[in-house]
Amino acid sequence: MSETIVEILPSDESVAIYAASLLNEWASEDEAPMAVALAGGSTPKRLYQLLAQENELPWERFQWYFGDERSVPADDADSNYRMAREALFDAAGINADSVHRVKTELGDPASVAQDYEKTIKERVPLNDQGVPVFDVIFLGMGTDGHTASLFPHTTALDVRDRAVVENHVTQLDTWRYTLTAPVLLAAKRVVLLVTGASKTQALWEVLEGDENVAEYPTQLLREREGETLWLVDEAAAGNLWEEADDDGDGDA
Ligand code: 6PG
């Protein structure tokens, strides 16, 4: 049963704090390994910094992956891996063997995507359809309604037979690497961190607008069987749910 939960929190800092507390809670539910895919961009950086300060997370049970990556070297300022390495992995002293980045240095985009798909499918448990099932996928959302590197009107949006693909993003005139819709749909938990007033319009279109996945790719999460959790600050929520929030619990 598909369930979309929207938690509206006072600030971007409170979004990060709440997301960190959730990962701790989920990690304490059992002793199983945790395969976590991290979001890129700027929003999740604070979450990663807070996680690095946690000293009760069972780091040895975690394997870290990326929901998407830019076609830049691993030490590039625009690298999602570099952001997570600085904010989380290095800060927490996480064993490099548990971090699985997109090896953008491998050359042509198709080879890079195939290599990362192989890395994931060798390590993350597969469902009956052969789709990797992450324990948690953290995602952001762009002002255009993209998530991971599934951008509006790009070919990756329609891929259903791969777990990772290269995606040429015309809007940015660049190649990106991204988990595909089947992987986002199969994950046990998907958590989106969306903050800032610039996201309000896209947030409404994705959560409340008419179905138009090509235009607002994050709408694809509506197909999820499980829970999709949106952690949104008041700036991003704007007045979208004021009338709906008469009971004050912030749920949509
Ligand atoms: C990326 C991300 C992307 C990001 C959104 C939001 O590589 O840029 O994976 O999907 O989550 O663009 O980015 P901000 O958090 O910077 O607003």
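Nothing in this text is a laboratory measurement; each read-out follows from the coordinates by a stated rule. Because the structure is a prediction, the values reported are computed rather than measured. Please note: Cβ atoms are built from the backbone with ideal geometry, for glycine as well, and neighbour counts cover all protein chains shown.
Return a yes/no flag: does region 144-158 have any residue that is over 18 Å from residue 42 (Cβ atoms), of a type in the set (Asp, Glu) and part of a helix (DSSP H, G or I). Within region 144-158, one or more residues are over 18 Å from residue 42 (Cβ atoms), of a type in the set (Asp, Glu) and part of a helix (DSSP H, G or I). Across region 133-151, the number of residues qualifying as more than 22 Å from residue 29 (Cα to Cα) and away from the ligand (no atom under 11 Å from the Cβ) comes to 0.
Scanning region 27-69 for residues that are within 16 Å of the ligand (Cβ to nearest atom), small (Gly, Ala, Ser) and closer than 17 Å to residue 86 by Cβ yields 39, 40, 41, 42.
The requirement of being part of a helix (DSSP H, G or I) and touching a residue at least 40 places away in the same chain (Cβ under 8 Å) is not satisfied by residue 193. For the structure I just gave you, tell me whether residue 81 is within 22 Å of residue 104 (Cα to Cα), touching a residue at least 40 places away in the same chain (Cβ under 8 Å) and aromatic (Phe, Trp, Tyr). Judged against the criteria, residue 81 is not a match. The number of residues in region 192-240 that are more than 12 Å from the ligand (Cβ to nearest atom), within 15 Å of residue 12 (Cα to Cα) and β-branched (Val, Ile, Thr) comes to 2.
Scanning region 93-131 for residues that are over 21 Å from the mean Cα position of the chain (by Cα) and not in a helix (DSSP H, G or I) yields 93, 95, 107, 108, 128, 129.
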